[in-house]
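Reviewing the structure listed below.
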Amino acid sequence: MNDSLSSSNLRVLITADEIEDAVHRLGAEVSERFSGRPLTIVGVLTGAVIFVADLIRSVRIPHRIGFVQASSYRGEATAPGALRIDEALLPDIAGRDVLLVDDIFDTGRTLERLVTALKRHGPARIVSAVLLWKEGRQEVHIEPDYFCFRIPNRFVVGYGLDYDDDYRHLPFVAELPAVGGEASESEGSR
Ligand code: 5GP
Ligand code: MG
């Protein structure tokens with residue numbers, strides 16, 4: 001049987017209750033910080049889709065939502081870390097405050113590239129929030145403005161994060177021990 005909800009090779013790192021509490025706290029902070037401002041919350045597809053859906057239900061001020069898709073290509077034919085950004089689902093953010101929401105800050109290259117790309121659309125300011133921040137992996141100077149959890153340098157799945165496009169539906173964040181460091185470079189790419 002291949003039921004990934006009960007799969008015994010998963011080690012839960014962050015429970016659904018812990019995530020819920022952290023997301024509520026973040027929603028309250030966002031509501032206070034952007035009160036009275038024209039806010040657009042921009043989620044990074046696909047990994048941040050569950051985080052964004054929960055977060056916006058804890059945000060108590062008017063806001064719009066939009067999405068961008070960031071796809072990593074780590075195959076042999078492309079440079080390591082090559083990133084394609086699709087802005088087709090991005091609404092007009094000119095003059096607006098943007099809260100950019102991603103699943104995980106690992107090397108930080110994705111967030112750095114996304115901030116640069118969004119700046120071209122003339123927002124008033126860009127503030128970033130991630131669910132997870134992986135320790136000891138950062139390769140860029142920028143850091144997320146908000147994060148919910150610091151995690152050790154392990155490959156994780158659940159709550160939107162995938163391995164080979166599976167496990168996104170898990171309500172918790174879990175370590176997939178079978179996936180070594182090298183495999184994690186080639187999978188879980190969005
Ligand atoms: P960065 O550009 O910060 O190195 O990588 C960020 C992206 O890599 C994330 O948005 C996510 O798609 C992917 N990623 C990094 N670490 C993990 C992980 O542990 N699990 C999964 N599923 N994806 C990850
Ligand atoms: Mg991602």
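The values are calculated or read from the model by the stated rules, or taken from the named source; none is laboratory data. Remember, it's a predicted structure, so these values are computed and weren't measured experimentally. Positions of Cβ are generated from backbone atoms using ideal geometry, with glycine treated the same way; all protein chains shown enter the neighbour counts. The area values use the complete protein model at the heavy-atom level, side chains included, leaving out ligands, DNA and RNA. Shrake-Rupley method; radii C 1.70, N 1.55, O 1.52, S 1.80 Å.
For the pair VAL12 and HIS169, what calculated FRET efficiency results from E = 1/(1 + (r/R0)^6), where r is the Cβ-Cβ distance and R0 = 22 Å, to the nearest 0.05? Efficiency at R0 = 22 Å is approximately 0.90.
Peptide packing for 125-131, 13-19 was compared via the average number of neighbouring C-beta atoms within 10 Å per residue; ordered from the highest value, the list is 125-131, 13-19.
Of ASP21, ASP86, the residue with the largest accessible area leads and the full order is ASP21, ASP86 (1.4 Å probe). Using a probe of 1.4 angstrom and keeping all protein chains present, the accessible surface of segment 57-158 works out to 51 square angstrom per residue. Amide H contacts of ILE104: LEU131, LEU132, each under 5 Å away and 5 or more positions distant or on a separate chain (H built 1.01 Å from N in the peptide plane; Pro and chain starts excluded). One Cα centroid belongs to segment 116-142, the other to segment 86-114; the line between them spans 7 Å.
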